[in-house]
Amino acid sequence: MSSSLRIRGFIAIGLLPALALFIFFVIVPILWSSYYGFFDWKGIGEMRFIGLDNYKEVIQDRLFWHSFKNNLLIVAASVFGQVPIALVLSLVLLKNGWFQKFIRASIFMPMVLSSVVVGIIWGYIYHPQIGVLNFLLDTLGLSSWKQQWLSDPSISMYAIMVPIIWLNVGPYLIMFIAALQNIPSEIDDAAQIDGAKGSRKLFSIKLPMIWDTIKVAVVLCISGSLKAFDLIYVMTGGGPANSTELLASYMYNNTFSIYRFGYGSAVSTMIIIISLVLVAGSQYLMKSKK
């Protein structure tokens, strides 16, 4: 046996435990969930096979598509909010001085907080009577801008995007800083000798060198946004009038509030399909623009 085959064999053996865990804890539950989607089941008792009826009902439900639209807004806020902000901050905070380390830790701090705590904090910030935001607007003489931030269906979804962006910038900041610091110093020296500076150096050298990291960040943004649940559940519970309902909360309410486990399983299967389509689409677009 050649040395290359032996190395590949060792790599395959080393990956087997992780692969087995992934199949057991991720792939198998997905398949089981898809299977339950074919049944009318309340979580206990006999299951009645109904074919594709649950999936047809999901597709025809107006609230499902409203939740899907809200999830798309969250995806857009994440991809076009978190990634650019983290990228700009990573360029500014690339050095390892004490000031840069302090700012990095401050930006990363929300990630160590529970989403429930973050939701409660922002709930107080948006509070119409005692909230900091309306108080600041009053102080600045902008009382006409005061809103019922989480009670007005026309703006509640947009108000929730702010804490979502704020909460998740930190991890992408760390990823981008690590990617920028891994650019070989020889390439940086060669760019300086060739006279590449500022934006030319950024767009011709740095961004192409960390493009794969940006693609990973976009995938994480999409997958994380489609399973967003806890923060919105704490802040609005999907209200008012379902204006902040997301796919995950829609699935949760159908499964655990009205005990339609079969229908909830069908919704979860649809979420997986939508996630795969969005991730594949984003990767295709980013590949063509590389």
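The values are calculated or read from the model by the stated rules, or taken from the named source; none is laboratory data. Quantities reported herein were computed from a predicted structural model and do not represent experimental measurements. A quick note on method: Cβ atoms are made from the backbone with ideal geometry, for glycine too, and the neighbour counts reach across all protein chains shown. These accessible areas exclude ligands, DNA and RNA; they are computed on the full protein's heavy atoms, side chains included. Shrake-Rupley method; radii C 1.70, N 1.55, O 1.52, S 1.80 Å.
Data overview
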{"quantity": "Residue that is farther than 19 Å from I74 by Cα, over 18 Å from the mean Cα position of the chain (by Cα) and assigned to a loop (DSSP other than H, G, I, E, B), where the choices are I121, I130", "calculated": "I130"}
{"quantity": "Unique match (being part of a helix (DSSP H, G or I), open to solvent by 70 Å² or more (accessible area, probe 1.4 Å) and within 25 Å of A217 (Cβ to Cβ)) among F135, F102", "calculated": "F102"}
{"quantity": "Residues (open to solvent by 10 Å² or more (accessible area, probe 1.4 Å) and part of a helix (DSSP H, G or I)) located in the range 232-248", "calculated": "Y233, V234, M235, A248"}
{"quantity": "Unmet requirement for S114, which otherwise passes all of (1) closer than 23 Å to I174 by Cα; (2) open to solvent by 70 Å² or more (accessible area, probe 1.4 Å)", "calculated": "(2)"}
{"quantity": "Lone unmet requirement of (1) without any contact (Cβ under 8 Å) to a residue 40 or more places away in the chain; (2) out of contact with any Lys or Arg (no Cβ under 9 Å at 6 or more places or on another chain) for Y263", "calculated": "(1)"}
{"quantity": "Residues of the range 249-260 satisfying the condition of being among the aromatic types (F, W, Y), surrounded by fewer than 20 Cβ atoms within 10 Å (Cβ to Cβ) and part of a helix (DSSP H, G or I)", "calculated": "Y252, F256"}
{"quantity": "W41 being over 15 Å from the mean Cα position of the chain (by Cα), surrounded by fewer than 17 Cβ atoms within 10 Å (Cβ to Cβ) and within 22 Å of R260 (Cα to Cα)", "calculated": "no"}
{"quantity": "Those residues of the range 212-227 which are open to solvent by less than 20 Å² (accessible area, probe 1.4 Å), within 8 Å of the chain's Cα centre (by Cα) and aliphatic (A, V, I, L, M), in sequence order", "calculated": "I222, L226"}
{"quantity": "Meets criteria (in a loop (DSSP other than H, G, I, E, B) and either of a type in the set (A, V, I, L, M, F, W, C) or touching a residue at least 40 places away in the same chain (Cβ under 8 Å) (or both)) for K42", "calculated": "yes"}
{"quantity": "Members of the range 266-290 that are over 28 Å from Y158 (Cβ atoms) and open to solvent by less than 20 Å² (accessible area, probe 1.4 Å)", "calculated": "A266, T269"}
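Each row is one residue, and each column tells you yes or no for (1) touching a residue at least 60 places away in the same chain (Cβ under 8 Å); (2) buried (at least 16 other Cβ atoms within 10 Å of the Cβ).
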{"position": "I107", "(1), (2)": "yes, yes"}
{"position": "I130", "(1), (2)": "no, no"}
{"position": "G141", "(1), (2)": "no, no"}
{"position": "W166", "(1), (2)": "no, yes"}
